[in-house]
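Peer 1: I'd like to ask you about the structure that follows.
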Amino acid sequence: MNGQFAEEEWKLLLDLVSREFGLVFQDSRRRHLESRLLPRLRALGLESFGAYYRYLARHPERGAELRELARIVTNNETYFFREAHHFDLLVQQVVPQLSTHSRPGLLRVLSAGCSSGDEAYSIVIALQGALVDRTGLDWQIDACDLNSARIAQAREGLYEAGSLRACDELGRSAHFSAQGDRFRLRPEHRKGTSFFEANLAVAGLDLPGAPYHVIFCRNVLIYFSEEAFHRTLSHFHRTLVAGGYLFLGHAESLIGRRNDFQPVRLCNSIVYRKQDKNP
Amino acid sequence: MKVDTLSDAQERLTALQAAAASPGRDQAIVVGLKDASPLVRQNAIALAARHLAPEVLAEFLADDEDAILRNAAQAALERQGPHAIPHLLSLTRGADPELAFFAVQILSTINDVSAKQALLPLLDHSDRNIAQAAVEALGHMRATEAVPALIRLLAGDPWLQFAAASALGRIGDARAVGPLLERLDDELLAEIVVEALGRMGDAATLAPLLDRLVSSDRLPLRDQLLLAVAAVLERNPGLRGVPARARLWRPEVRAGLGEYLGGLLAMHDATLARSAGVLVVHAELWNLMPALLARNPDSGEEGWLEGMLRRCRRRARAEWLPLLQHSDPRVRAGALLQVPFGAGAGPALAACLQDRDPEVRAAACFALGRLREPSAASALARALRSSDAREHAAAAQALAQLPRQSLAELAPDLEPGADEEQMERALGVLEQARSTMHRERVRALVQDGRPALRQAALRVLGRYPGHAADGWIMAGLRDDDTVVRIATVEILVRRRCRKAIPALVELLSAGHPLRYHLVRALGRLRARAAASRLQALYAGAPLHERIEIVVALNQMAPAGLLAFLREVLREPDVELRRVASDGFVRAAGAHEFETMVALARDADWVVRNHATWGLGRLGLPEAQSHLMLLARDVEPLVARTAQAAMGRLRGNSRGRDA
Ligand SMILES: C[S@@+](CC[C@H](N)C(=O)[O-])C[C@H]1O[C@@H](n2cnc3c(N)ncnc32)[C@H](O)[C@@H]1O
């Protein structure tokens with residue numbers, strides 16, 4: 001395929017990205033995306049996006065290339081204590097409620113689309129800051145992402161200054177140690193965390209730590225197709241305990257889109273609680 | 001199945017898709033058009049465009065009760081395109097003003113030439129909503145035939161003035177400049193008129209727009225004026241000498257503008273900031289240059305500022321040195337990358353190679369590359385050894401731009417004892433520069449024990465002119481390392497080295513992963529002599545190779561290709577059928593019309609798209625009715641291909657008539 005079918009090749013590629021990862025792209029991003037994909041074409045010795053599409057569709061090594069592709073097409077922007085009020089809500093409102101209702105003993109949280117782990121570690125720091133461990137409550141924070149490079153970075157726990165943009169001087173020195181011009185998370189904040197690669201958009205997703213009391217999935221669903229959005233929320237519904245909480249990013253909402261989660265206003269923020277499907 | 005809860009959108013979609021092939025199809029589509037989930041609705045719209053008659057869809061336009069259904073019907077009619085036009089035109093002439101209004105809007109989106117003339121009389125419709133919709137539609141369709149009538153409306157009913165000004169701006173016909181300028185001081189119309197003039201970008205409007213920009217303090221209007229002035233300046237690069245620009249030199253003007261533009265450069269709004277940048281450069285407000293350089297250009301916009309600054313080269317050169325001393329590294333890097341400098345800039349640039357910021361050092365490398373100054377070679381060779389990736393990549397690019405002899409500086413990097421990574425970088429420079437220097441060393445490295453170096457050396461040889469190096473390169477086909485062999489295949493194809501074809505064919509007996517690359521290489525070299533060998537391999541090859549064999553055969557176009565492709569089209573794998581249909585529609589003649597029509601009904605949209613294109617290529621009048629149907633295919637891309645094919649057919653028939 002060539003010339004006349006450039007649009008077709010591009011659509012095939014975008015459809016594949018959407019089918020595999022649930023991600024959709026605006027047309028205006030095309031040039032940018034093309035320039036990011038070109039090095040992959042070069043590395044594989046392929047001359048066109050059509051050839052690249054066929055590689056991704058049928059080549060025996062497509063699995064490895066899909067992982068490369070995932071690194072390219074995901075936006076991994078994140079930082080510690082992004083939308084900081086969510087972490088306050090978690091320790092001040094959600095955890096006390098959960099421990100009176102169900103006395104979990106072990107609080108199980110999922111950070112879905114965790115990127116380099118900033119969100120998962122922020123949860124740990126918040127729980128530790130509120131001395132939650134002294135109440136006898138322990139936690140397990142599972143954190144997953146599609147992008148293998150980001151998961152590796154999360155495990156490494158080494159961050160650029162930009163990741164700490166919402167931390168004041170005190171927070172910086174309390175939770176990190178400087179390493180050259182980067183920052184290493186202090187080991188005690190890794191407590192209870194576990195990072196793994198997972199694709200939220202696939203059918204039949206298996207999450208090791210389920211059921212969860214709380215799921216954070218912030219600034220992920222905005223990039224998803226309608227189909228992937230629904231599929232992911234069905235996973236969340238399945239893997240949350242009854243009455244469990246879902247935290248979304250400020251630009252994301254379930255209102256009018258899902259009635260199996262109930263919006264709840266907690267201190268001027270909206271979070272969602274699992275409702276049984278057919279009450 | 002319980003299908004009324006929101007979370008079951010996926011189930012409802014599956015049900016709709018199943019119903020699309022059943023007798024209750026049309027009813028199911030209408031239900032889908034009303035669905036609360038956009039996912040289901042989008043699919044229903046595509047099916048409606050394909051299966052429901054325009055008359056049926058138009059009924060829903062009148063439905064005041066159900067806005068969702070009305071919008072969905074509108075979207076479906078838009079997707080029907082030419083198929084819906086006759087009925088929509090009849091609605092514009094009908095008794096129901098609301099339907100007429102919607103019909104005009106839809107015609108506007110369909111944007112087919114055939115509707116323009118029919119919309120003209122509606123400009124004087126007694127219902128002002130309809131008249132306005134017609135004004136907007138004709139503007140959207142850039143209907144120059146509407147210009148005189150629109151100019152008339154500009155002076156008429158206030159209700160229509162806005163729409164007329166905006167439409168004239170879109171159409172961009174010079175006849176409208178004078179009448180629009182006359183309305184420039186009309187309080188109510190000013191903003192829209194300014195926007196229209198900015199869109200048109202006519203040189204004659206610079207002076208009046210600039211006068212008002214300087215004197216205006218009404219905010220949204222002033223921003224609008226800025227956008228328009230910048231648009232006119234950008235559209236007319238030759239305006240440097242016109243008297244209007246002289247206004248920019250009055251001190252009071254500069255003071256007033258300076259403050260306003262400085263504020264905009266500090267803002268996030270990229271469009272306003274860019275327009276402010278245009279003024280900064282044209283008015284040569286150098287005190288604002290750091291603010292302009294410190295802005296990160298959006299990707300794809302990098303060359304814009306550089307291009308503008310080149311137009312005031314003399315002044316830019318004079319102001320350049322202090323910018324290199326600026327405390328903000330973004331300004332220093334920006335000055336190196338964007339501001340034109342003179343031939344004597346070498347020492348200043350070389351000094352920047354010592355900057356403490358790696359971004360600035362990389363920018364200095366790029367700048368030295370542009371200067372093509374041989375004396376920079378040794379400093380750049382040092383930068384090539386930097387541990388900072390940005391810096392050594394920039395140095396490599398710069399070195400490749402220097403005059404040939406400068407690359408003698410790379411000798412130490414290529415010496416036998418040099419560090420492997422260093423050697424690779426140096427070879428990378430030779431490759432980029434298409435240089436034949438250090439020839440003996442490069443040849444020796446083709447036989448080095450380290451595969452990465454062998455590959456890098458082969459790439460250098462790959463850029464040698466003529467065919468003298470072909471033999472050396474072809475030796476790479478026998479390399480022990482598969483990665484090197486694959487790279488060699490690619491190098492040979494890039495050189496269009498047909499001499500290598502027999503060797504490539506011989507290697508076909510090798511297995512995975514080399515064979516995949518060989519097949520593709522033979523196709524790209526259009527090695528028709530290899531066609532029968534590829535056909536023989538087809539049956540026993542794994543799927544991904546079979547797909548590439550078909551692609552390669554399509555490129556070679558050997559005798560008997562159509563018969564082969566016909567077989568492949570019977571395969572179950574969709575990717576195989578896709579590449580087969582691609583080759584088929586390119587090679588097929590008029591006698592394959594029926595097969596093409598059958599492919600145009602295929603369940604797979606890619607196959608349909610190919611067939612649609614093929615029908616246009618054949619250009620037979622009997623394709624018209626098929627294309628009409630394809631023009632409202634559920635897949636918008638197929639619909640677009642069909643519309644283009646219909647245009648081609650129309651062109652053919654006009655040609656025949658003439
Ligand atoms: C913008 S980041 C958000 C990170 C973090 N949750 C936050 O709010 O700061 C989005 C992340 O979602 C991940 N992502 C995108 N598609 C995904 C998928 N299908 N499965 C899992 N993760 C995905 C991306 O790799 C990226 O790291």
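The values are calculated or read from the model by the stated rules, or taken from the named source; none is laboratory data. Bear in mind that the values here come from a model prediction, so they are computed numbers and not experimental data. Cβ atoms come from the backbone with ideal geometry, glycine included; neighbour counts cover every protein chain shown. Just the protein is used for accessible areas: all its heavy atoms, side chains included, with ligands, DNA and RNA removed. Shrake-Rupley method; radii C 1.70, N 1.55, O 1.52, S 1.80 Å.
Peer 1: For the pair residue B:510 and residue A:138, how long in nm is the line joining their label points, each one 7 Å along Cα→Cβ?
Peer 2: A separation of 5.6 nm, rounded to one decimal place.
Peer 1: Same structure, new question: State the extension gain, in nm to one decimal, for the chain segment bounded by residue B:587 and residue B:450, taking 0.36 nm per residue of separation less the distance between their alpha-carbons. Before the final figure, lay out each step's value.
Peer 2: Details: separation 137, 0.36 × 137 = 49.32 nm, distance 4.60 nm.
Roughly 44.7 nm would be gained on extension.
Peer 1: Given Cα pairs under 8 Å that are at least 6 residues apart, what percent is the relative contact order of chain A? Before the final figure, lay out the partial values.
Peer 2: On the way: 396 pairs, mean separation 51.0, N = 279.
Relative contact order comes out at 18 percent.
Peer 1: For region B:201-296, what's the relative contact order in percent, using C-alpha pairs closer than 8 Å and at least 6 residues apart? Show your work: numbers first, answer last.
Peer 2: Values: 79 pairs, mean separation 26.3, N = 96.
Reported relative contact order: 27 percent.
Peer 1: Let me check I've understood the local charge: for residue A:91, count other residues with C-beta under 13 angstrom from its C-beta, Lys and Arg +1, Asp and Glu -1. What total comes out? Show your work: numbers first, answer last.
Peer 2: Values: positive: A:134; negative: A:88, A:133.
For residues surrounding residue A:91, the net value is -1.
Peer 1: Can you tally the net charge around residue B:220? Count Lys and Arg as +1, Asp and Glu as -1, for every other residue whose Cβ sits under 12 Å from the Cβ of residue B:220.
Peer 2: Local net charge: -2.
Peer 1: Follow-up. Dipole of region B:201-296 (Lys/Arg Cβ +1, Asp/Glu Cβ -1, origin at the Cα centre): which of B:251, B:292, B:219 lies farthest to the positive side?
Peer 2: Sorting the options by dipole projection puts first B:251.
Peer 1: What FRET efficiency, computed as 1/(1 + (r/R0)^6) with R0 = 56 Å and r the Cβ-Cβ distance, is obtained for residue B:211 and residue B:378, rounded to the nearest 0.05?
Peer 2: Numbers: r = 55 Å, r/R0 = 0.98.
That pair, residue B:211 with residue B:378, gives E of 0.50.
Peer 1: Any idea what log10 I(q)/I(0) is at q = 0.05, 0.12 Å⁻¹ for chain B, Debye with uniform C-alpha scatterers and no solvent?
Peer 2: -0.40, -1.17
Peer 1: Please list, by residue number, every one of the trypsin sites (Lys or Arg not before Pro) in region B:108-208 that is coil in DSSP and has at most 15 other beta-carbon atoms within 10 Å. Before the final figure, lay out the partial values.
Peer 2: Details: sites: B:116, B:128, B:142, B:152, B:170, B:175, B:183, B:199; in loops: B:142, B:183.
Of the trypsin sites (Lys or Arg not before Pro), the ones in loops of region B:108-208 whose Cβ has at most 15 other Cβ atoms within 10 Å are B:142.
Peer 1: Express in whole angstrom the spacing between the alpha-carbon centres of region B:539-569 and region A:196-232.
Peer 2: Spelled out, the Cα-based centre of one part sits 41 Å from the other.
Peer 1: Return the carbon/sulfur percentage of the accessible area of region B:201-296, one whole number, probe 1.4 Å, all protein chains in place. Don't skip to the end; give the middle numbers.
Peer 2: Numbers: 2300 of 4070 Å².
Of the solvent-accessible surface of region B:201-296, carbon and sulfur hold 56 percent.
Peer 1: Mind checking the mean number of beta-carbon atoms from other chains within 10 Å of the Cβ atoms in B:151-159? Numbers along the way, then the final one.
Peer 2: Values: counts 0, 0, 0, 0, 0, 0, 0, 0, 0.
Per residue, the average neighbour count from other chains is 0.
Peer 1: What area, in nm² and to one decimal, does the C-alpha convex hull of region B:1-52 cast on average over all directions? Present the calculation step by step, with values, prior to reporting the outcome.
Peer 2: Details: hull surface 12.7 nm².
Taking a quarter of the hull surface, the average projection is 3.2 nm².
Peer 1: Using a Förster distance of 45 Å, how high is the FRET efficiency between residue B:90 and residue B:185, based on the Cβ-Cβ distance and rounded to 0.05?
Peer 2: On the way: r = 43 Å, r/R0 = 0.97.
The computed FRET efficiency comes out at 0.55.
Peer 1: For region B:568-658, state which trypsin sites (Lys or Arg not before Pro) are in a DSSP loop and have at most 14 other beta carbons lying within 10 Å of their beta carbon. Can you show the working numbers first?
Peer 2: Values: sites: B:570, B:577, B:578, B:586, B:601, B:608, B:617, B:632, B:640, B:648, B:650, B:654, B:656; in loops: B:570, B:601, B:632.
Answer by residue number: B:570, B:601.
Peer 1: Computed on protein heavy atoms with a 1.4 Å probe, what is the summed buried accessible area for the chain pair A and B, in Å² to the nearest 100? The partial results should precede the final answer.
Peer 2: Working: alone 13730 and 30130 Å², together 40860 Å².
When A and B are taken together, about 3000 Å² of accessible area is lost.
Peer 1: Number of Lys pairs in the protein assembly as shown with C-alpha atoms less than 25 angstrom apart, excluding same-chain neighbours closer than eight positions?
Peer 2: Working: A:274/B:2; A:277/B:2; A:277/B:34; B:2/B:34.
Summing the qualifying lysine pairs gives 4.
Peer 1: Can you pull the semi-axes for the protein assembly as shown, root of five times each eigenvalue of the Cα gyration tensor, sorted largest first, whole Å? Numbers along the way, then the final one.
Peer 2: Details: eigenvalues 407, 331, 315 Å².
Those come to 45, 41, 40 Å.
Peer 1: Could I ask something else about it? Between residue B:126 and residue B:66, what is the label-point separation in nm under the 7 Å Cα-to-beta-carbon projection?
Peer 2: Label at residue B:66, label at residue B:126, 3.3 nm between them.
Peer 1: Related question: Roughly what would the spin-label model give for residue B:467 and residue B:370, points 7 Å off Cα along C-beta, in nm?
Peer 2: Roughly 4.2 nm, to one decimal.
Peer 1: Sticking with this structure for a sec: Below 8 Å, C-alpha to C-alpha, sequence gap of six or more: please give me the relative contact order for region A:3-73 in percent. Present the calculation step by step, with values, prior to reporting the outcome.
Peer 2: Details: 30 pairs, mean separation 23.7, N = 71.
Value for region A:3-73: 33 percent.
Peer 1: Here's something else I'd like to know. Quick check: convex hull of the Cα atoms in region A:106-197, volume per residue, rounded to a whole Å³?
Peer 2: Working: hull volume 8.0 nm³, N = 92.
So the per-residue Cα hull volume is 87 Å³.
Peer 1: Give me the extension gain from residue B:408 to residue B:566: residue separation times 0.36 nm, minus the current Cα-Cα distance, reported in nm with one decimal. Each step should come with its number before you reach the end.
Peer 2: Values: separation 158, 0.36 × 158 = 56.88 nm, distance 5.78 nm.
Gain on stretching residue B:408 to residue B:566: 51.1 nm.
Peer 1: Excluding residue B:597 itself, what net charge comes from residues whose Cβ is under 12 Å from its Cβ, given Lys and Arg +1 and Asp and Glu -1? Provide the component values of the computation, followed by the final result.
Peer 2: Working: positive: B:601, B:608; negative: B:592, B:594, B:602, B:622.
Counting the neighbours of residue B:597, the net charge comes to -2.
Peer 1: Still on this structure: Rg and Dmax of region B:303-435, using alpha carbons, in Å: what are they?
Peer 2: 15.0, 50
Peer 1: Moving on to the next point. If you wrap a convex hull around the alpha carbons of region B:1-132, what volume per residue comes out, as a whole number of Å³? Let's see the in-between values first.
Peer 2: Numbers: hull volume 13.7 nm³, N = 132.
Looking at region B:1-132, the number lands at 104 Å³ per residue.
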